[in-house]
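Following: one structure in C-alpha cells, then a few remarks.
The values are calculated or read from the model by the stated rules, or taken from the named source; none is laboratory data. None of the values given here were measured: they were computed from a predicted structure. Every residue, glycine as well, gets a Cβ built from its backbone with ideal geometry; the counts of neighbours run over all protein chains shown.
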Amino acid sequence: MLSKKLKNYNIILASGSPRRHHFFKEMDTDFTIDIREIEETYPDHLRGVEITDYLSKLKASAFNNLSENDIIITSDTIVWQNGKAIEKPKDYDDAFKMLQSFSGRMHKVFTSVTFTGKNFQKTIHDTTKVWFSDLSDEEIEYYLNKYKPYDKAGSYGIQEWLGYIAINKIEGSYNNVMGLPTHLVYKTLIKLTN
C-alpha cells in the first residue's frame with residue numbers, strides 16, 4: 001500500500017541501521033539509503049525526547065538542494081534512565097555497566113523521526129517503557145561476547161537473546177525499542193502524501 005502512495009516521491013532513508021532498513025522494506029516502501037556524516041552533539045539542557053527530536057533534525061540539516069519529490073527520513077534513538085541519556089556504548093566495559101544498570105529495573109526508549117521535504121519538515125516521536133528482570137554478570141558477559149551490541153543505544157537489541165531472557169514487560173511499541181516507531185512512520189507518510 002505505501003509503495004503505491006509514495007510512487008511519485010523519492011524516499012531517502014538517512015540511516016545506517018540494518019533494523020531500520022528492514023522495517024522500511026517490510027512496510028512495502030521503495031527507498032534509497034544516503035548517510036551523511038554529522039557530529040551528534042546536543043545542548044546539555046535538553047531532556048528525554050527533546051534530545052532525539054534535536055538529533056533527528058540535526059541529521060536532516062546535512063541535506064540541502066532537495067528536489068520537489070524528495071522526502072528525507074532521519075531518526076535517532078536513546079535510552080533514558082535516572083534523568084540521563086544512555087546512548088551507544090563506547091566499549092565492552094561501558095556496555096557492561098549499562099546492562100547492569102538496567103537489571104531489575106525500568107528504563108525508557110525514545111525514538112524521534114524527522115521527515116524533510118523541499119518545503120516542509122515534520123518530527124514525530126514515541127516512548128516505550130522497558131522492564132528488565134535481574135541479570136547475572138555471567139548473563140551480561142555471555143550476551144556482550146556473543147552479540148557485540150556496540151551499535152545499539154543502551155547496548156542491547158530487544159529482538160536478540162537478551163530480549164528473550166531478560167525483558168519481562170514493555171509498555172508501548174516493540175518496534176520503537178528496535179529503533180523505529182513503524183506505526184507512526186506509516187501514518188505520517190500517508191498524511192504527507194495525501
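Could you tell me how many of the residues in the range 32-56 are of a type in the set (D, E, K, R) and within 13 Å of I73 (Cα to Cα)? Steps first, please.
Taking the range 32-56 as the starting set, the residues that turn out to be of a type in the set (D, E, K, R) are 34, 36-37, 39-40, 44, 47, 50, 53.
Filter once more, so that each one left must be within 13 Å of I73 (Cα to Cα): 34, 36, 53.
So the answer is 3.
Residue-by-condition table, conditions (1) surrounded by fewer than 18 Cβ atoms within 10 Å (Cβ to Cβ); (2) part of a loop (DSSP other than H, G, I, E, B); (3) over 19 Å from the mean Cα position of the chain (by Cα); (4) at pLDDT below 95:
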residue	(1), (2), (3), (4)
L58	yes, no, no, no
T77	no, no, no, yes
K88	no, yes, no, yes
A95	no, no, no, no
M98	no, no, no, no
G104	yes, yes, yes, no
F110	no, no, no, no
F115	no, no, no, no
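Considering only residues in the range 160-193 that are touching a residue at least 60 places away in the same chain (Cβ under 8 Å) and among the polar types (S, T, N, Q), the one that is nearest to I124 (Cα to Cα) turns out to be T188.
Being crowded, with 18+ Cβ neighbours inside 10 Å, under 19 Å from the mean Cα position of the chain (by Cα) and either within 17 Å of S17 (Cβ to Cβ) or not small (G, A, S) (or both) holds for only one residue in Y186, Y156, and it is Y156. Close contacts from the range 18-29, counting a first residue that is under 18 Å from K7 (Cα atoms) and assigned to a helix (DSSP H, G or I) and a second that is of a type in the set (F, W, Y) and at pLDDT 90 or above, with Cβ to Cβ under 8 Å and a gap of 6+ residues or different chains, come to F24/F31.
Are any residues in the range 50-87 within 24 Å of N168 (Cβ to Cβ) and either out of contact with any helix residue (DSSP H, G or I) (no Cβ under 6 Å at 6 or more places or on another chain) or among the basic types (K, R) (or both), and if so, which ones? Correct list: W80, Q81, N82, G83, K84.
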